[in-house]
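Enquirer: Here it is: the structure, laid out below.
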Amino acid sequence: MGTKTIPIVKKILNANDQIAQENNKVFKDNNILTINVMASPGSGKTSMILRTIKELSSMCRIGVIEGDTAPVTIDSDKVSNLDIPVTQINTGGECHLDAMMVRKGMEQLDLTNLDLLIIENVGNLICPAAFKLGEDFSVVVASIPEGDDKPYKYPNIYRGIQALILNKIDLLPYLDFDMDYFQKGIEVLNPGVSFFPLSCKTGEKFGPWINWLKNYL
C-alpha cells in the first residue's frame, strides 16, 4: 500500500511544475524578471525586499506577491506604502506557495507594467524548496542569529538556488557565528552559488546584491 503513494506525490509535483512552466512563459512574454525569496521566519526577507525596492524603484517597475499562512497584510502594507503594486496570498495554513497560488496572484497584477516581480514565500526552510513557482531565480535569505549550522540541518532549501543572502552581518561581533563553517556547508550543497553577506538594517554591503540583480534587468 505504501508504494502506491509515490506516484500520487509525483503527480502532484509534476502538475505543479507544469503550471510553473506556464507561469514562467507568461513572465518571459512580458519581459519580467521573477525571483522567489525563501527564508525562515525572522531572517529579514521582508526587510531585504523593502530595501531592494528602495534601491531599484527609480530604474525599474517592481511588483510583489506576498505569501502568508494567515490572512494578515502586515508585510503587504509595508510594500504598498512604497507605492509598489502588491497582492497578498493567504495559503490557509499551508507552509509554502505553489504555482497555482502564484498564478492567482499574477492575475491581480498588471504584468504589462512590471520589469521585476518579487515573490515572498512563506517563512519556512523545508516546504518551499519542493515547489517551483515559475521564477527565474530562487533566493534564500539566511541570517546571523539563525546560526551557522542551517545548511547542514536544512540542505534542500540551499540546493538549486541561484543566490544566497546572509543578512544581519552587523551582528557578527556579538554572536558566535563561524562564517567559514557556514560557507563550507553551502559550497558542498551548491558550489559557486552567488553569495551576498550584508545588512538590510545598515545597508552594509548591500550594493553587490543590487548589482547582481541589475545584471538581469
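The values are calculated or read from the model by the stated rules, or taken from the named source; none is laboratory data. In this text, all values refer to a predicted model and were calculated from it rather than measured experimentally. Methodologically, a virtual Cβ is constructed for each residue, glycine included, from the backbone with ideal geometry; neighbour enumeration extends over all protein chains shown. Just the protein is used for accessible areas: all its heavy atoms, side chains included, with ligands, DNA and RNA removed. Shrake-Rupley method; radii C 1.70, N 1.55, O 1.52, S 1.80 Å.
Enquirer: Quick check: is even one residue across segment 7-19 within 26 Å of Ser199 (Cα to Cα) and either among the charged types (D, E, K, R) or in a strand (DSSP E or B) (or both)?
Expert: No, segment 7-19 contains no residue that is within 26 Å of Ser199 (Cα to Cα) and either among the charged types (D, E, K, R) or in a strand (DSSP E or B) (or both).
Enquirer: Would you point out the residue of segment 43-62, among those that are in a loop (DSSP other than H, G, I, E, B), touching a strand residue (DSSP E or B) at 6+ places or on another chain (Cβ under 9 Å) and open to solvent by 10 Å² or more (accessible area, probe 1.4 Å), that is farthest from Leu198 (Cα to Cα)?
Expert: The extreme case among them is Arg61.
Enquirer: Now for a different question. Only one of Lys104, Lys78 is open to solvent by 20 Å² or more (accessible area, probe 1.4 Å), outside any loop (DSSP other than H, G, I, E, B) and either under 27 Å from Trp212 (Cβ atoms) or among the polar types (S, T, N, Q) (or both); which?
Expert: Going through Lys104, Lys78 in turn, just one is open to solvent by 20 Å² or more (accessible area, probe 1.4 Å), outside any loop (DSSP other than H, G, I, E, B) and either under 27 Å from Trp212 (Cβ atoms) or among the polar types (S, T, N, Q) (or both): Lys78.
Enquirer: Could I ask something else about it? Conditions: (1) part of a strand (DSSP E or B); (2) open to solvent by 70 Å² or more (accessible area, probe 1.4 Å); (3) among the hydroxyl-bearing types (Ser, Thr, Tyr). Ser138 meets all but one. Number of the miss?
Expert: Only one criterion in (1) part of a strand (DSSP E or B); (2) open to solvent by 70 Å² or more (accessible area, probe 1.4 Å); (3) among the hydroxyl-bearing types (Ser, Thr, Tyr) is unmet by Ser138, namely (2).
Enquirer: Taking segment 199-213, which residues are of a type outside the set (Val, Ile, Thr), closer than 11 Å to Thr52 by Cα, open to solvent by less than 40 Å² (accessible area, probe 1.4 Å) and assigned to a helix (DSSP H, G or I)?
Expert: Gly207, Trp209, Leu213
Enquirer: Filter segment 149-181 down to the residues that are among the hydrophobic types (A, V, I, L, M, F, W, C) and open to solvent by 40 Å² or more (accessible area, probe 1.4 Å) and list them by number.
Expert: Leu171, Leu172, Leu175, Met179
Enquirer: What are the pairs with Cβ atoms under 9 angstrom where one residue, in segment 144-169, is in a loop (DSSP other than H, G, I, E, B) and the other, located anywhere, is aliphatic (A, V, I, L, M) and crowded, with 23+ Cβ neighbours inside 10 Å? Sequence gap at least six, or different chains.
Expert: Ile161/Met38; Ile161/Val139; Ile161/Val140; Gln162/Val139; Lys168/Ile144; Lys168/Leu198
Enquirer: Residues in segment 81-101 that are more than 16 Å from Lys45 (Cβ to Cβ), touching a Leu at 6+ places or on another chain (Cβ under 9 Å) and outside any loop (DSSP other than H, G, I, E, B): how many?
Expert: The qualifying residues number 3.
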